[in-house]
Structures are given as C-alpha cells and as structure tokens.
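Participant: Have a look at the structure that comes next, please.
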Amino acid sequence: KGLRVFYGPSEALSGVDLGSQIDQLFRSIQDFSLNPEDLSTRREVLGNATTLAQSLNFTDRRIREFRGQLNGDVKTTVDDINKITHELADINRQIVAAEHAGLDGGDANDLRDRRGLLLRDLSDLIKVTAVESNNGDVNVLAGSAFLVFGSEAFDITTVESADNGVLV
C-alpha cells in the first residue's frame, strides 16, 4: 500500500551509461598522455569529455524532473488523504447524531457503508488503523498520530526541505 509510481529512476535514466563514458574518457586521456602531440587524440579527449558532460547534464535534468513528479505525487496524495479524513470526520458526526437521536437506523447504516468505503480508499493511500468507539464513531490513526478523532480531522502537510542545498 502507498504511493504508486509509474516509472522508476532506472527508466527515467535509460539510455545513459555514465560508467562506460567515464571509462572511455579516461582511456582517451591515457592515450593522449602517451602521445600528446597527436591532434586526433586531443580531439578524442575533448569529444569524450563533451559527451560525458552532456550526459551528466541530461541525467541531472531527468533526476530533477523525476523528483518534481514524485513531489507532485506526494502533494496530491496528501490532499486526497486530507479530503478523505475530513469526510470521515463529518460522517462520524452524522452517525453519532443519527444513532443518539433515535433516527431511522437505515440512515446510519448507509453512512456506515460510506465510511467503510472511505476507510478502504484511505488505506489504499496510507497505512491506517481504524478503531470504533462506543458511541459509533471511528478514530483513524496513521502510526500513533490521529488523522480522525471523532468528528475532528487532523490535516497532514508536506514540507519541502533541502539536502546540501538541493530541494528534496
């Protein structure tokens, strides 16, 4: 359960073999060191260095794109989680009101069915534990943190952070 990613880093970087390009550059540098006067070996070093630099730049762009997509996916998932938890809290309130007011039990049953579907949808996004209380509402936890407690929902948020000056 959790986020579904449609492609991984290996697919995001396919077609780039940096190891081979580095080896090729070092071989051409070694050839150049043995024959520094040969213009073709100089051109080969420059060509291999240019190819490696372009591949590194391409890889950097792809990693940034991939990270941006993943960050967007996380933000969307968090928004979905918050929407579901707010609806669960509202349904909890309605169930408690319907059952304690002695209203038609069918209304509460329909609400309980809806709540069950929402809990399933929520569990598809994040690992949760749902615990029904004596009054009929359901408290929902992610780990040890409440997402829903009775008729109150607690939002989760995303925070951008930097690692060595790079947004992660």
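Participant: Exactly which GluC sites (Glu not before Pro) in segment 59-168 are in a DSSP loop and have at most 10 other Cβ atoms within 10 Å? Present the calculation step by step, with values, prior to reporting the outcome.
Facilitator: On the way: sites: 65, 87, 99, 132, 152, 160; in loops: 160.
Those that pass, being in a loop and sparsely packed, are 160.
Participant: If Rh is defined by the Kirkwood formula over all Cα pairs and Rg also comes from Cα, what ratio Rg/Rh do you get for segment 31-168? Mind showing how you got there, number by number?
Facilitator: Numbers: Rg = 27.8 Å, Rh = 19.3 Å.
The Rg/Rh ratio comes out at 1.44.
Participant: Still on this structure, I have one more. Of all trypsin sites (Lys or Arg not before Pro) in segment 71-162, which ones are in loop regions per DSSP and have a Cβ with at most 12 other Cβ atoms within 10 Å?
Facilitator: Working: sites: 75, 83, 93, 112, 114, 115, 120, 127; in loops: 127.
Here the trypsin sites (Lys or Arg not before Pro) that fit, given the DSSP loop and packing criteria, are 127.
Participant: Where the accessible area of segment 59-118 is counted over protein heavy atoms with a 1.4 Å probe, how much of it, in %, is carbon and sulfur?
Facilitator: Working: 1720 of 3350 Å².
Here carbon and sulfur together make up 51 percent of the probe-accessible area.
Participant: Across the Cα atoms of segment 38-112, what radius of gyration and what greatest pairwise Cα-Cα distance (Dmax) are found, in Å?
Facilitator: When restricted to the Cα atoms of segment 38-112, Rg and Dmax are 29.5, 96 Å.
Participant: Note down the magnitude of the dipole of segment 15-168 about its Cα centre, charges +1 on Lys and Arg C-beta and -1 on Asp and Glu C-beta and zero elsewhere, to the nearest 20 debye.
Facilitator: On the way: 15 positive and 26 negative charges, 91 e Å.
So the dipole magnitude of segment 15-168 works out to roughly 440 debye.
The values are calculated or read from the model by the stated rules, or taken from the named source; none is laboratory data. All values reported here derive from a predicted model rather than from experimental measurement. Positions of Cβ are backbone-derived with ideal geometry, glycine not excepted, and every protein chain shown enters the neighbour counts. These area figures cover heavy atoms from the full protein model, side chains too; ligands, DNA and RNA do not enter into them. Shrake-Rupley method; radii C 1.70, N 1.55, O 1.52, S 1.80 Å.
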